[in-house]
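What follows draws every value from the coordinates through simple rules; no lab data is involved. None of these values were measured; they are calculated from a predicted model. FYI the Cβ positions are ideal-geometry reconstructions off the backbone, even for glycines, and counts take in every protein chain you see.
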Amino acid sequence: MKNELTFEQSMQTFQPMLRNYALQLTQNMDDANDLVQETFLKAMMYSSKFKKGTNLKGWLFTIMRNSFINNYRRITKRSTFMDTQEEQFIIDSAKSFNTFNDGESKFVRQDLADAIDKLPDDLRITFEMNTLGYKYHEIAEKINIPIGTVKTRIFVARRKLRTHLAEYEHLFNLNAS
């Protein structure tokens, strides 16, 4: 019983760092608190799998990251959407990579990731949430902005990405509309 108490106390020392990380992931304080709570719950449930003397902080952060990813996958499956805009090639571009060789695909994916990373934070976050499957109204609620602003940010982000990725235009059949 004393070891479990020590384990719980050790976990609590990382709570502020975990909350900050959760806030970076979720962009919402309520969701961040839920993620921290879920992390602690899973850590307690699987405490027998933790090896004493190893990196508790790293273990907790891994649990949190995996929980966040799994939650987004679950949300994405539930909220499948069809984007009929002309710039859909960016969202569905991963499907096109099957026609490349592995080396070429790696460069294209890296260029796409770099272009997304270069977007201003407000555009990047909104765009990434959209590509993760969030609907416009869900994004608006999550980051507390009007739905029109969400649509504008996604539109502008796609235009900027299209400009940055013009060299790949032929790969995505942009002129075939």
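Quick notes
- Annotation: extensible slack from Arg124 through Asn144 equals 5.6 nm (criterion: 0.36 nm per residue apart, minus Cα-Cα distance).
- Rel. contact order, % - alpha carbon contacts under 8 angstrom, at least six apart, region 6-82: 31 percent
- Rough spin-label spacing in nm, given labels placed 7 Å along Cα→Cβ, for Gln37 and Asp117: 3.5 nm
- Computed extension gain for Thr54 through Glu8, at 0.36 nm per residue and net of the alpha carbon distance, reaches 15.0 nm.
- Between His137 and His164, the simple label model (points 7 Å from Cα in the Cβ direction) yields a spacing of 3.1 nm.
- Of Lys49/Lys135; Lys118/Lys142; Lys57/Lys160; Lys42/Lys142, those spanning more than 29 Å from alpha-carbon to alpha-carbon: Lys49/Lys135; Lys57/Lys160
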